[in-house]
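Since the structure comes first, as structure tokens, the remarks are kept for the end.
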Amino acid sequence: MQEKSLLEMRGIYKSFPGVKALTNVDFTLRGGEIHALMGENGAGKSTLIKVLTGVHIKDSGDIFIKGQSGPVQIHSPQEAQNLGISTVYQEISLCPNLSVAENIFLGRGKSQFVNWRNMNKKAGELLDSLGIAVKPTQQLASCSIAVQQMVAIARAVDMECSVLILDEPTSSLDESEVAKLFKLMRQLKERGVGIIFVTHFLDQVYEVCDRITVLRDGQLVGEYEIENLPRVQLVSKMLGKELDDMADIKNDAPPYSKENKGYVYEAEGLCSSEGIKPFSFNIRKGEVNGFTGLLGSGRSECVRAIFGADKVTGGRVKVNGKEVRINKPIDAMKNGIAYLPEDRKRDGIVGDLSVKDNIILALQVKKGFFKPFSKAEAVKFAEEYIKLLDIKTASVNTPIKSLSGGNQQKVILGRWLLTNPEYLILDEPTRGIDVGTKVDIQKLVLKLASEGMSITFISSETDEMLRTCSRLLVMRDRKLVGELTGDELTQNTIMNTIAGGDR
Amino acid sequence: MSSKVKTAEKTSFLSAIIRKQIFIPIAALIILAVFNFIVDPSFFKITLGHNNDGNPIFSGNLISIIDYGSELAILAIGMTLVTASSRGQDISVGAAIAISGSVILRVLCGTNSRPETLQAPIIVAFLVSCLVAMAFGAFNGALVSVFKIQPMVATLILFTAGRSIAAWINNNELPVVNDKTFLSFGTVFPGIPVQTPVFIAIVCFIVIWLVMKFTNLRLYVQSVGINEKTSRLNGLNPALIKFITYVILGLCVAVVGFIKVARIGTINYSVVAKDIEMDAILAVALGGNSLGGGKFNITASVLGAYVIQFLTTTLYKLQVQSDALPAYKAVVVIVLVILSAPIVREKIAAVFRKLRTPEKAGSNT
């Protein structure tokens, strides 16, 4: 073991039935560094983290930790914690109904009795030292997500951790919150804590990390100092191919033509139970447009109203010029509308069901209760879309929940493509998935549009919207405030429109 | 990609079998059979005799298992569906059986508790009881799906009130039907040496098999049981699907009530099918189905029902006192449930895989 290393993993192997998740992977974490672990979905990042935290047991290989003589065996998260390895997951695993201080000290008291004053005082000192602006007595649920995340980190840090694992901590934070989190990470780094940072945001990696380890298909691609690995190279290493795709996409974006008069979908004064102001909206054949705005501005609620996912409370809707009523999802489906929801886990997948059943679900429901597909038909559909979208799964019968996030998303995309919709709504299809799949999905959107499908695309990443959409509808405070086309489609105009009269 | 598939196929055949859901009830049946064979090989003897009316009839332990297991097996069908869709169980089926049985008696006997002739055709009585039982199923289903009450709490209402409703239907009397044809449904028809309830159960299995084959009930119920929100966004109506499963269970209850009455020509509404709800839930669990809903396997549940009956008959054969029976049953059930827990099965499967690996290495060299 090297002098500076906090943690060394050597020749780690791990396989699951049917899949080799990790093959001969090495990983080294030094004290006082922030180390990014990068790779596509299914590259083995989560498996490596889970081996390290004792959620999975490695098949072979050695783990060395500073201060321990010889290789250590980690059989449970508890053991990992005792060895000084703490993890903060994407989903916050604290108790929202307890106070900040209680959350920090929960389950760690040595005595049966709690000295409340002492506990609050200690928590206060800890939070102060980390520069987290929150009162120890405040109820956790009343804090912002970012603060909750930081409390989780504070809890981890106080457990005398030397290795801190942050698994996608920024995916639900806004920019200023991310900045706060990074400040905290840098402070911890100065204290000599080694941080493993897992994220899909390249910008963030380059902003805060010192070193990058790249995994691909369960194998180590390499470990790099951040200065020696330009962004393009990182992406190409993750994908395993030279990549100029990103540049390509922009050129592909079709110009918005006014000649095409026919609207596939038109809404007037549409509003739903989720409190969006009545809005009017339309989309032409082969057009790609998008709703943009800050989180919570009502962009998802708009498309949910279009699909009838929330209770529609008013407005008139025309599909292909004919007036229709869309009150519930099945109405929308029957009118050739498909909707890929924002929250994949909650609204998208049917976890225990197979990839095959997940793919055929929507079309099957559309076809009717008394007309089930034969097994052969279902398998044929599933295999067709597994191939078309390059879904990585052991078989058509694998439960969807055991796939990686990006592949789950592709399955759901396949489900809706199978219904052969005229109008496809994609709400954050690229959230939480890797760069390669993101590029795939953007390309697919443009290809489908060129074949005549109308698509509404929503994304938190503005450049993604700029690349794919020919028209942007801007939302602010649950109200449609602007529409941008052509030359207006730049970062600046979008920002200004979102900010609006508040300037 | 293809290499991954190959490794999956290479996994030991035995461990693959052990992971199959249906393995547990089948293994339990085999173990019980082997145990009985060792203790007393004559357990499996089947003889052809004649009943009091001179009709030929098979008798023997296996026959009585299949015969008396009919009610539980039929209930297991409905209970599996309800469990899968609503992530909870209906504990009112025993009381509902008392109600539907009382309805049959009421229709067949009219106001006279000892009628010489039937007051209505059997089919009418059966259909009326079906309607009543389905109405009660609909009541439970509405509470669960529309008012979103937890299944066990919702069905507790009928569990509590059901047997008094049954008593009220016949003015607290216990009518008796003596009609030969009607009683044949609970025993045997002349010339057919196998008990009619066995055939009724078989008809139920065929019906549910056809429903599964020619409708999307399986996909819809599983989808709703696993993720209601997703199901709705894919055009399903989760409330309706849960409701339907309760109505189907109601239909199963009506069939069971019919068999119960036909076996002896009457029922005692306060004790008929007592605790059968627990056995039905147990059958679902023994079939390896999650009581938390979602994926299900009806065949496994049905086999689970016969495991329970097999166990009961075995214990009777061993001269266990009927009072002590539940305790013995509980011990066996605990063993079965632990063995069927996924965590234990994974372990067992892993042991088999290890046993196989050196073998493979040996054959390679």
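The values are calculated or read from the model by the stated rules, or taken from the named source; none is laboratory data. Only a predicted model underlies this, so the values are computations on that prediction, with no experimental measurement involved. Reconstructed Cβ throughout: ideal geometry from the backbone, glycine too, with neighbour counts over all protein chains shown.
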Condition check for residue A:314: within 8 Å of chain B (Cβ to nearest Cβ) and of a type outside the set (S, T, N, Q)
no
Looking at region B:286-311, I want the residues that are farther than 24 Å from residue B:68 by Cβ and have a partner that is assigned to a helix (DSSP H, G or I) and of a type in the set (A, V, I, L, M, F, W, C) with Cβ atoms under 7 Å, at least 6 apart or on another chain. Which pairs are those?
B:291/B:284; B:291/B:285; B:293/B:84; B:294/B:84; B:294/B:226; B:296/B:84
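Kindly indicate whether any position in region A:306-326 is in contact (Cβ under 8 Å) with a residue 40 or more places away in the chain, surrounded by 18 or more Cβ atoms within 10 Å (Cβ to Cβ) and within 27 Å of the chain's Cα centre (by Cα).
yes
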How many residues does region B:224-239 contain that are in contact (Cβ under 8 Å) with a residue 60 or more places away in the chain and either at the interface with chain A (Cβ under 7 Å from one of its Cβ atoms) or buried (at least 20 other Cβ atoms within 10 Å of the Cβ) (or both)?
4
Within region A:171-265, which helices (runs of 4 or more DSSP H) (wholly inside it) include 1 or more residues that are among the acidic types (Asp, Glu), modelled with pLDDT under 90 and under 23 Å from the mean Cα position of the chain (by Cα)?
A:175-190, A:202-208, A:245-252
Can you give me the number of residues within region A:266-278 that are part of a strand (DSSP E or B), of a type outside the set (Gly, Ala, Ser) and within 10 Å of residue A:313 (Cβ to Cβ)?
2
Restricting attention to region B:251-298, report how many residues are farther than 24 Å from residue B:171 by Cβ, in a loop (DSSP other than H, G, I, E, B) and among the charged types (D, E, K, R).
2
Tell me yes or no: at least one residue of region B:187-206 is part of a helix (DSSP H, G or I) and touching a Gly at 6+ places or on another chain (Cβ under 6 Å).
no
Could you go through region A:397-409 and let me know if any residue there is away from chain B (no Cβ under 12 Å), under 30 Å from residue A:282 (Cβ atoms) and in contact (Cβ under 8 Å) with a residue 60 or more places away in the chain.
yes
State all residues of region A:348-380 that are under 27 Å from the mean Cα position of the chain (by Cα), surrounded by fewer than 24 Cβ atoms within 10 Å (Cβ to Cβ) and more than 7 Å from chain B (Cβ to nearest Cβ); if no residue qualifies, say none.
A:354, A:363
Out of A:441, A:458, A:386, A:433, I need the residue that is within 14 Å of chain B (Cβ to nearest Cβ) and surrounded by 18 or more Cβ atoms within 10 Å (Cβ to Cβ). Which one?
A:386
Can you report the number of residues in region B:131-183 which are in contact with a helix residue (DSSP H, G or I) (Cβ under 6 Å, 6 or more places away or on another chain), of a type in the set (Gly, Ala, Ser) and under 22 Å from residue B:258 (Cβ atoms)?
6
Answer yes or no: is there a residue in region B:47-66 that is within 15 Å of the chain's Cα centre (by Cα) and buried (at least 18 other Cβ atoms within 10 Å of the Cβ).
yes
Could you go through region A:363-373 and let me know if any residue there is closer than 25 Å to residue A:303 by Cβ and touching an Asp or Glu at 6+ places or on another chain (Cβ under 9 Å).
yes
